Amino acid sequence: MGQAVRLEQPRLLVPAFAHYHRRMASPPPTEYGDAPPGSADEASLAESAEALKRVGYLADPSTALVSHLAQALGKPVLVEGPAGVGKTELAKAISRATGRELIRLQCYEGLDEAKALYEWNYRKQLLRIQTEAAVDEPRSDPEGWDEDIFSDEFLLTRPLLAAISAEEPVVLLIDEIDKTDQEFEAMLLEVLSEFQISIPELGVIKARTQPVVILTSNNSRELTEALKRRCLYLWLDYPEVEREMEIVRLHAPELDERFARRLVEVIQMVRQLDLKKPPSIAESIDWARALLLLGAEDIDRTVFEQTMSIIVKHRSDLDLVAERVGVELDEGKVDLGAASS
């Protein structure tokens with residue numbers, strides 16, 4: 001269990017500012033480079049994009065820019081967009097590219113601070129009280145119990161406190177923040193703006209190191225303005241054909257360009273239908289790998305219907321996709337030769 005320690009104001013641990021904050025004992029620069037303060041030129045952004053690409057994440061210019069600024073400015077990033085466009089994967093990629101541990105808080109309806117911040121180990125506290133009561137004379141200062149049982153020893157660290165009290169810089173992923181309520185958002189504000197947590201029994205716990213914070217939202221509800229003000233903002237949508245081809249071929253390099261285009265155009269045709277769950281980018285990659293494994297040389301109606309459960313995950317969607325896309329394939333509206341010309 002990581003112990004919460006009250007220390008000085010958090011120091012910036014930004015590779016781009018490493019030499020500027022040498023007096024603050026910053027760690028060595030990471031793969032994001034060591035450009036001078038305030039420089040967000042094309043070379044720096046290209047380096048950020050390349051670092052993400054090396055760990056399997058193909059970032060567009062806006063994503064590379066926000067990822068770079070998140071570290072350079074020490075600001076949290078709110079990433080919104082449909083499910084399956086790579087929001088969570090971006091946080092994982094930043095973690096891999098910078099060598100930071102990823103700490104993930106998966107949000108859900110009813111999430112409270114006991115599961116997100118910290119809670120007290122009540123069983124251990126009660127055991128301590130009972131043990132001391134059995135061997136000691138009655139305490140002359142009953143109020144002294146507070147200092148004995150409300151200490152780091154009895155504190156159960158949850159993801160937010162773990163990120164704040166980590167000795168090494170981390171990436172904190174607050175995933176699907178839109179599934180929580182406004183009260184939970186309000187609780188987050190202190191963490192996002194001050195990088196500290198107030199515990200009534202212990203006082204204020206300031207960050208040892210400043211985490212890179214990524215919040216994701218599927219845009220199922222409008223988030224509060226107070227939360228948005230504290231964050232950089234990035235909207236991720238389903239990529240265009242060329243971009244998705246690059247992504248698929250990055251993860252399935254054996255796939256030739258013509259087949260990759262065919263696959264992606266079929267995927268995008270499926271997404272245009274009124275589905276409960278359109279196929280995600282990860283499912284595009286899974287489908288590509290499955291077709292390679294099966295030795296498919298083309299995507300005709302038969303191959304599509306045999307494998308479409310990889311990209312379509314609802315029963316009602318299966319019928320709709322089989323009918324609409326199957327007809328398109330039969331009629332040759334998605335033609336491999338024409339698509340590659």
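Values quoted throughout were computed directly from the atomic coordinates according to the rules given, and no laboratory measurement underlies them. None of these values were measured; they are calculated from a predicted model. Positions of Cβ are generated from backbone atoms using ideal geometry, with glycine treated the same way; all protein chains shown enter the neighbour counts.
Points 7 angstrom from Cα along the Cβ direction at residue 243 and residue 104: gap in nanometres?
2.3
State the answer as a single residue: which of 314, 247, 272 lies farthest towards the positive end of the charge dipole of segment 241-332, with beta carbon charges of +1 for Lys and Arg and -1 for Asp and Glu, about the Cα centre.
314
Determine the alpha carbon to alpha carbon distance for each of 179/206; 228/277; 75/124; 75/276; 124/228; 75/313 and list only those over 31 Å. Before the final figure, lay out each step's value.
Values: 179/206 27 Å; 228/277 27 Å; 75/124 37 Å; 75/276 34 Å; 124/228 39 Å; 75/313 36 Å.
The pairs that break the limit, which is 31 Å between Cα atoms, are 75/124; 75/276; 124/228; 75/313.
So if I place +1 on the C-beta of Lys and Arg and -1 on the C-beta of Asp and Glu, and nothing else carries charge, what would the dipole magnitude of segment 90-133 be about its Cα centre? I want it in debye, nearest 20.
Values: 8 positive and 6 negative charges, 62 e Å.
Charge dipole of segment 90-133: 300 debye, to the nearest 20.
Compute the semi-axes of the equivalent ellipsoid of segment 241-332, taking the square root of 5 times each eigenvalue of the Cα gyration tensor, and list them largest first in whole Å. Spell out each step's value before the answer.
Working: eigenvalues 77, 40, 29 Å².
Each semi-axis is the square root of five times an eigenvalue, giving 20, 14, 12 Å.
Going by a ≥ b ≥ c, the root eigenvalues of the Cα gyration tensor, does segment 211-287 fall in the rounded group (a/c under 1.5), the prolate group (a/b larger than b/c) or the oblate group?
Because a/c hits 1.5 or more and a/b exceeds b/c, segment 211-287 counts as prolate.
Of the trypsin sites (Lys or Arg not before Pro) in segment 192-288, which ones lie in a loop per DSSP and count no more than 14 other C-beta atoms within 10 Å? Show your work: numbers first, answer last.
Numbers: sites: 206, 208, 221, 228, 229, 230, 243, 249, 258, 261, 262, 271, 276; in loops: 208, 221, 230, 276.
Answer in residue order: 221, 276.
Just in segment 69-109: which GluC sites (Glu not before Pro) are loop by DSSP and have at most 13 other Cβ atoms within 10 Å? Mind showing how you got there, number by number?
Values: sites: 80, 89, 101, 109; in loops: 109.
For GluC sites (Glu not before Pro) across segment 69-109 that sit outside H, G, I, E and B with at most 13 neighbouring Cβ atoms in 10 Å, the list reads 109.
Loop only by DSSP, 10 or fewer other Cβ within 10 Å of the Cβ. Give me the GluC sites (Glu not before Pro) in segment 222-265 that pass, ordered by residue number. Walk me through the numbers before you get to the answer.
Working: sites: 222, 225, 240, 242, 244, 246, 254, 257, 265; in loops: 222, 240, 254.
Filter output for segment 222-265: 222, 254.
For residue 183 and residue 120, FRET efficiency with R0 = 25 Å and r from the beta-carbon atoms, rounded to 0.05? Kindly include the intermediate steps, with their values, before the conclusion.
Numbers: r = 21 Å, r/R0 = 0.82.
Here the calculated transfer efficiency is 0.75.
Could you line up 73, 126, 117 from fewest to most neighbouring Cβ atoms inside 10 Å? Write out the running numbers ahead of the final one.
Working: 73 16, 126 11, 117 24.
Listed from fewest to most nearby Cβ atoms, that is 126, 73, 117.
Which value, in debye to the nearest 20, gives the size of the charge dipole of segment 241-332 about its Cα centre, when Lys and Arg are +1 and Asp and Glu are -1 at the Cβ? Don't jump to the answer; show the numbers that get you there.
Values: 13 positive and 20 negative charges, 80 e Å.
Roughly 380 debye, rounded to the nearest 20.
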